[in-house]
1. From the backbone phi of the stretch 12-23, what are the Karplus-calculated ³J(HN,Hα) couplings (6.51 cos²θ - 1.76 cosθ + 1.60, θ = phi - 60°) in whole Hz, Gly and Pro given as x?
2. If I model a spin label at residue 16 and residue 134 as a point 7 Å from the Cα along the Cα→Cβ vector, what separation in nanometres do I get?
3. Given only helices, namely DSSP H runs of n ≥ 4 each adding -39500 (n - 2.57), what is the per-residue ellipticity at 222 nm of the chain, to the nearest 500 deg cm²/dmol?
4. Count of lysine pairs in the chain with Cα atoms under 15 Å apart, counting only pairs 8 or more residues apart in sequence or on different chains?
5. Suppose all protein chains stay in the model; what accessible area per residue would a 1.4 Å probe give for the chain, in Å²?
6. How would 35, 64 rank on accessible area, largest to smallest, probe 1.4 Å?
7. Could you order 120, 137 so the one with the most accessible surface comes first? Probe is 1.4 Å.
8. Roughly speaking, what % of Cα-Cα pairs in the chain are separated by over 20 Å, rounded to a whole number?
Amino acid sequence: MAGNRTLTIIKPDAFNSGKGGPIIAHLEKAGFKFVAARVMRLTEAQATAFYAVHRERPFFAPLVRFMISGKCMPIVLERADAVAALRKAIGATDPAEAEAGTVRKLYAESKERNAIHASDSDENAEREANFFFAEADLV
Ligand code: GDP
């Protein structure tokens, strides 16, 4: 059965240009409840570890630089079928290809500076939630 939690990050491009509030409102309208949230600036070690799966990709170094360029907002979200529902709400990685009305179509600048992260599986959602939050924050 699909899980009911997922992890999002409002990325530095969006958070630092006044789009955090509108994105939070967008996610609430899409039916998500907020389980835990924080505002933080990732260290290089944290960004490198978070995106380790992409370490061989040509965009890895610029991606890490972008993710540590300013504050971001990791959030654990809850609703039925959370992972799939959030992926649908944010749209394709490249905003040029994202469907109308999705977070990335509305708020992203480019394929790299694309406003928001979303876990891609229940397993990664749990791992990513534990990356940013203590067990006590996730009850
Ligand atoms: P997501 O699951 O839609 O976020 O996409 P991926 O997991 O494939 O990639 C992680 C992040 O790396 C994306 O959200 C982008 O910020 C960045 N990224 C992915 N593909 C590219 C690319 O081809 N070029 C650049 N510059 N950045 C990319």
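The values are calculated or read from the model by the stated rules, or taken from the named source; none is laboratory data. This structure is a prediction, so every number in the text was calculated from the model and none was measured. So basically every Cβ, Gly included, is an ideal-geometry build from the backbone, and we count neighbours across all protein chains shown. These area figures cover heavy atoms from the full protein model, side chains too; ligands, DNA and RNA do not enter into them. Shrake-Rupley method; radii C 1.70, N 1.55, O 1.52, S 1.80 Å.
1. So the Karplus estimates, Gly and Pro as x, are x, 4, 7, 4, 8, 10, x, 9, x, x, x, 5 Hz.
2. Here the modelled spin labels are 2.8 nm apart.
3. Details: 7 runs with 54 residues, N = 139.
-10000 deg cm²/dmol, from helical runs alone.
4. Eligible lysine pairs with Cα atoms under 15 Å apart amount to 8.
5. Values: 7290 Å² over 139 residues.
I get 52 Å² per residue for the chain.
6. Details: 35 35, 64 10 Å².
Highest to lowest solvent-accessible surface, that is 35, 64.
7. The ranking, largest first, comes out as 120, 137.
8. Numbers: 4064 of 9591 pairs.
Cα-Cα pairs of the chain separated by over 20 Å account for 42 percent.
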